[in-house]
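Take a look at the structure below.
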Amino acid sequence: MERYIGKGVMRGIAIGRVYLYQKADIQVTDQKISDPAAEKERFLAAVEQAKAQLTRLYGEALANVGEDHAAIFDVHKMLLEDEDYLDAAAGEIDDGYNAVYAVDLAGTQFAEMFAAMDDEYMRGRAADFKDISRRVIRILLDLPEEEIRSEEPVVLVADDLTPSETVKFDKTKILGFVTVKGSANSHTAILARSMNLPALVCVDVPLADELHGKTCVVDGFEGEFLVEPEEEILSEKVVRKNQWIADLEALEKLKGQDNVTKSGKRIDIFANIGNVKDAEEACAADAGGIGLFRSEFLYLGRDTFPSEEEQYTSYKAVLEKMEGKKVVIRTLDIGADKKVDYFGLDPEENPALGYRAIRICLDREEIFITQLRALYRAAAHGKLAIMFPMIISVDEVKRIKQIVEMVKEELTKEGYPVGEAELGIMIETPAAAVISDRLAKEVDFFSIGTNDLTQYTLAVDRQNQKLEGICDTHHEALLRLIEMTVKNAHEAGIWVGICGELGADTELTEWFLKIGVDELSVAASAVLKVRSAVRELP
């Protein structure tokens, strides 16, 4: 038996055969060409095709791992628009080299340049340049996508996995993940958590060919990877796995049960979704409603704005699927790490603090009005609540309410059935939290977006792995802002929920109940876990 230690990023136990995932060796030769102009056109066409692939992958990642981690595909699109990178490859073609060699040379050059930088975040871009170059080369060579070729589910073992790989894999063929590289916030770890699959990163296992096909155990509880374990140890792991499965099955028995503590204190547990299909998972998880429907998925992976009719059809489908349960839809949150080409947004040095979300909607009202028309038409088919992101002032809310009244009046005049909808705002900026007493007088509810509120409160870029150690989601300042927001909401007679990652943090469940949070909205896979935590409280 061989035993390797790693960092467990998803608890659980997987037992199966190793599938050694190694990228195919692509042969690149420095062939000379006779028509550089034609070769350059071929190169640029491949770049455009790669960008189209990344747009599609963004949409798939949004559904699989959430918006925060889908952002890497926008980063890759931006890198494919980097003039220095494109000029480097084009320059090699002008010198008479074929496009494949030119892209490989440019990718290697930029990867080495970034890998030599002092800043850890910038060093991380080295892998991104390799990834985008490999994508363009595969298109130029007309090579098929790499995939798992196995008839049975396997334990995927790799040096590391790119975001595009984790999104495209057939999830039914994966029992667990083991990677030599990675971190708790790597895309492998995120995918594992979203799929409830055991996973280890930072495992120093030699990736030799003979590893492929061997029996192995991934123990996410102990952080160990066992290859060809002895019979006695394997039996122990089988017992532990069966107990883990029994625990998961016990959670299933909580379906239909109330989210109530032993002393009778109750809280709503809703689900976060990214598209219409996710509503089915929310129903299967027995969520009490939808606490965050990210409407921007309708705007992604396409070349034009979605029409009012398209949006209405999608919103209506979710409301009908939830059969009278509350559905909270967030108006579009485009900008920052979510770029859409046809919006024509200018590059920004600090996009997280820039032109995004409600700022775009109030500046380009025609986009906002189309969405509001679709929402109020859909409201006739269920219990709808609408919330607006990135609010920082009372004036913004008052302007939103004016536009809403105008939209309802227009729809009524045109003969459309217009439903009622609660109006709320996201508390995700410190500004909104600090003036939540004033904002509460203008709306029906608050939903605290803890992901951005953490980032803005701590001045920590949540996508910068170098800052992972100081991104304290239990920081006293953050918790004080949350508590103040809840207090101000209740004093104004409105309800307040949590729709960020902290909603599923069971270390805070008791505290949320203590301060009076009315609703927790979490990933569908976490609904029953949080319900269990609530029911175990005194």
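The values are calculated or read from the model by the stated rules, or taken from the named source; none is laboratory data. Model, not experiment: these values are computed from the prediction. Here the Cβ positions follow ideal geometry from the backbone for every residue, glycine too, while neighbour counts run over all protein chains shown. Just the protein is used for accessible areas: all its heavy atoms, side chains included, with ligands, DNA and RNA removed. Shrake-Rupley method; radii C 1.70, N 1.55, O 1.52, S 1.80 Å.
Summary of values
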read-out	value
Candidates Met1, Met10 - the one that is in contact (Cβ under 8 Å) with a residue 12 or more places away in the chain and exposed (fewer than 14 other Cβ atoms within 10 Å of the Cβ)	Met1
Index of the failed condition, Ser447 passing every other in (1) open to solvent by less than 50 Å² (accessible area, probe 1.4 Å); (2) assigned to a helix (DSSP H, G or I); (3) not aliphatic (A, V, I, L, M)	(2)
Pair list, Cβ < 8 Å and 6+ apart or interchain, from segment 414-434 residues that are closer than 19 Å to Leu520 by Cα to residues that are modelled with pLDDT of 95 or more and basic (Lys, Arg)	Leu423/Lys401; Met426/Arg330
Residue within segment 52-63 that is in contact with a Leu (Cβ under 9 Å, 6 or more places away or on another chain), at pLDDT 85 or above and open to solvent by less than 30 Å² (accessible area, probe 1.4 Å) present	yes
Complete set of residues in segment 224-263 that are of a type in the set (Asp, Glu), within 17 Å of Leu175 (Cα to Cα) and either more than 28 Å from the chain's Cα centre (by Cα) or part of a helix (DSSP H, G or I) (or both)	Glu228
Test set (1) open to solvent by 30 Å² or more (accessible area, probe 1.4 Å); (2) under 30 Å from Thr450 (Cβ atoms); (3) at pLDDT below 85; (4) aliphatic (A, V, I, L, M) - Ala24 fails condition number	(2)
Residue within segment 92-99 that is under 17 Å from Phe43 (Cα atoms), open to solvent by 10 Å² or more (accessible area, probe 1.4 Å), at pLDDT below 90 and out of contact with any Gly (no Cβ under 8 Å at 6 or more places or on another chain) present	no
Segment 298-322 residues that are buried (at least 20 other Cβ atoms within 10 Å of the Cβ), paired with ones that are of a type in the set (D, E, K, R) and at pLDDT below 90 (beta carbon under 9 Å, 6 or more apart)	Tyr299/Lys338; Leu300/Lys338; Val318/Asp278
Sole residue being open to solvent by less than 30 Å² (accessible area, probe 1.4 Å) and either in a helix (DSSP H, G or I) or farther than 16 Å from Ile269 by Cβ (or both), chosen from Ser525, Ser532, Ser521	Ser532
Filter result for Phe293 (without any contact (Cβ under 8 Å) to a residue 60 or more places away in the chain, touching a strand residue (DSSP E or B) at 6+ places or on another chain (Cβ under 8 Å) and within 20 Å of Ala379 (Cβ to Cβ))	yes
Residue among Gly223, Gly288, Gly213 that is open to solvent by less than 50 Å² (accessible area, probe 1.4 Å), farther than 29 Å from Val155 by Cβ and among the small types (Gly, Ala, Ser)	Gly288
Leading residue by the ranking (modelled with the lowest pLDDT) among those in segment 330-360 that are part of a loop (DSSP other than H, G, I, E, B) and small (Gly, Ala, Ser)	Ala336
Residue within segment 184-196 that is open to solvent by less than 40 Å² (accessible area, probe 1.4 Å), farther than 18 Å from Glu2 by Cα, modelled with pLDDT of 95 or more and in a loop (DSSP other than H, G, I, E, B) present	no
Complete set of residues in segment 361-383 that are touching a residue at least 60 places away in the same chain (Cβ under 8 Å) and either in a loop (DSSP other than H, G, I, E, B) or open to solvent by 10 Å² or more (accessible area, probe 1.4 Å) (or both)	Ile367, Thr370, Arg373, Arg377, His381, Gly382, Lys383
Segment 251-282 - residue that is under 15 Å from Ala504 (Cβ atoms) and among the charged types (D, E, K, R) and, of those, least open to solvent (accessible area, probe 1.4 Å)	Asp268
Odd one out for Glu236 among (1) surrounded by fewer than 23 Cβ atoms within 10 Å (Cβ to Cβ); (2) charged (D, E, K, R); (3) in contact (Cβ under 8 Å) with a residue 24 or more places away in the chain	(3)
Residue match in segment 451-472 (condition: hydroxyl-bearing (Ser, Thr, Tyr), within 29 Å of Gly264 (Cα to Cα) and free of Cβ contacts under 8 Å to residues at least 60 places away in the same chain)	no
Pair list, Cβ < 6 Å and 6+ apart or interchain, from segment 65-80 residues that are within 20 Å of Glu281 (Cα to Cα) and modelled with pLDDT under 65 to residues that are of a type outside the set (Val, Ile, Thr) and in a helix (DSSP H, G or I)	Val65/Leu191; Val65/Ser194
Only listed residue being aliphatic (A, V, I, L, M) and closer than 16 Å to Phe445 by Cα, chosen from Ile360, Ile367, Ile427, Ile403	Ile427
Of the criteria (1) farther than 20 Å from Gln27 by Cβ; (2) part of a loop (DSSP other than H, G, I, E, B); (3) acidic (Asp, Glu); (4) under 25 Å from the mean Cα position of the chain (by Cα), which one Glu145 fails	(1)
Subset of segment 384-427 (residues that are open to solvent by 10 Å² or more (accessible area, probe 1.4 Å) and either assigned to a loop (DSSP other than H, G, I, E, B) or hydroxyl-bearing (Ser, Thr, Tyr) (or both))	Ile392, Ser393, Thr412, Glu414, Gly415, Tyr416, Pro417, Val418, Glu420
For Asp461: the one exception among (1) in a loop (DSSP other than H, G, I, E, B); (2) farther than 18 Å from Leu353 by Cβ; (3) of a type in the set (D, E, K, R); (4) open to solvent by less than 70 Å² (accessible area, probe 1.4 Å)	(2)
Leading residue by the ranking (modelled with the lowest pLDDT) among those in segment 489-518 that are touching a Lys or Arg at 6+ places or on another chain (Cβ under 8 Å) and either under 19 Å from Asn196 (Cβ atoms) or assigned to a helix (DSSP H, G or I) (or both)	Ala504
